[in-house]
Amino acid sequence: MRETRSDGELLRAIAADTDRRAFEELYRRYAPWLTARLRGRCADAGVVDDVVQETFLAIWHGTASYREEGDAAGWLWRIGSRRLIDTLRGDGARGRLRQTLARFRHRHEASAEERVLAGVEHGDLAGALIRLSPELRAVLQATVIDGLTTREAAVLLGIPPGTVKTRALRARKQLREELA
């Protein structure tokens, strides 16, 4: 019976000689998790499935390289979330409309979260959020909207956890001042 290989061992095997079994094991281990996480950001299951496939293809083709700094899940999340952002930006307004419609497809009444987010998009808070620097806005997106921990946000954004905390404090302070 063969022992389960670590994430690092799998990634080294894939990078060294495109080990198909290692790739399949990594895919089975992380594709469902990555899919679930990305669906929290995008309601279009087709787009999410495409992004997951593109993420793993980047690993297979060697265009995404793991430097063994941190955990593989955070590295995969960073690749997948960036690819999702690129995909959604490419769709523009049509993609955002499709995502919004997909969210409401089988519901008659908006949830409390959706009502709050609508206020964020169209109220005073929306203007205050737009005036935040991209760095501060990214930290708020990761920690507040996506619900990531400080550590997860640090991995996603590629910055130290202390920087995440500092930027979150600065963003909240700036929002309080603008909304007061």
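A short reminder: the numbers here are calculations on the coordinates, not readings from a lab. None of these values were measured; they are calculated from a predicted model. Glycine gets a Cβ as well: all are built from the backbone with ideal geometry, and neighbour counts include every protein chain shown.
Computing FRET efficiency as 1/(1 + (r/R0)^6) for Arg151 and Asp86, where r is the C-beta to C-beta distance and R0 is 25 Å, gives about 0.55. Along the stretch 154-161 the Karplus relation, 6.51 cos²θ - 1.76 cosθ + 1.60 evaluated at θ = phi - 60°, assigns HN-Hα couplings of 4, 5, 4, 8, x, 10, x, x Hz to successive residues, with x for each Gly and Pro.
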